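The values are calculated or read from the model by the stated rules, or taken from the named source; none is laboratory data. Because the structure is a prediction, the values reported are computed rather than measured. Neighbour counts are summed over all protein chains in view; Cβ atoms, including those assigned to glycine, are modelled from backbone coordinates with ideal geometry.
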Amino acid sequence: MNANEKFLAASAHVDEAAIAPLPNSRKVYIQGSRPDIRVPMREISQADTPLMFAAPGTASDAPAEPNPPIYVYDCSGPYSDPAAKIDIRSGLPALRAAWIERGDTEVLPDLSSIPVAPASPTQARRAALPRPAPQAIAPKPVPT
């Protein structure tokens with residue numbers, strides 16, 4: 001590694017625009033099927049509805065009718081979580097490791113799927129590049 005690469009690695013960071021909060025929303029989590037599974041959701045606040053657009057018979061002294069927040073699945077990853085500590089040199093934490101280490105899986109020594117033929121010359125060139133073997137996971141047989 002030359003000095004320039006060392007400098008780039010030392011100063012690597014996530015751009016502030018990538019982790020800036022989204023307007024009128026916040027990241028929240030709901031518990032999944034297990035206590036250690038947190039499902040990311042985005043709570044989106046809505047503006048109040050002016051009474052001129054309110055449903056008939058709901059007029060009151062209030063200038064507007066409040067609207068509840070909307071919840072949607074948040075697929076943005078840890079970058080949109082203000083509590084997350086992002087260090088691109090150390091990578092993301094292995095959150096799913098505990099889910100996999102439940103005793104009914106094993107790491108395979110090699111790929112177990114047959115690759116599909118590339119659809120374009122660019123995909124063919126990419127497919128020819130050397131790649132490290134991924135750590136595939138398969139179910140262990142259940143003892144009877």
Test: residue in the stretch 20-42 that is among the aliphatic types (A, V, I, L, M), outside any strand (DSSP E or B), modelled with pLDDT of 85 or more and surrounded by fewer than 12 Cβ atoms within 10 Å (Cβ to Cβ): no
Any pair with Cβ under 6 angstrom, 6 or more apart, that starts in the stretch 121-144 at a residue that is outside any loop (DSSP other than H, G, I, E, B) and ends at one that is surrounded by 11 or more Cβ atoms within 10 Å (Cβ to Cβ) and modelled with pLDDT of 75 or more: ALA138/LEU108
The stretch 92-115, residues that are of a type outside the set (Asp, Glu) and more than 26 Å from SER33 (Cβ to Cβ): PRO109, LEU111, SER112, SER113, ILE114, PRO115
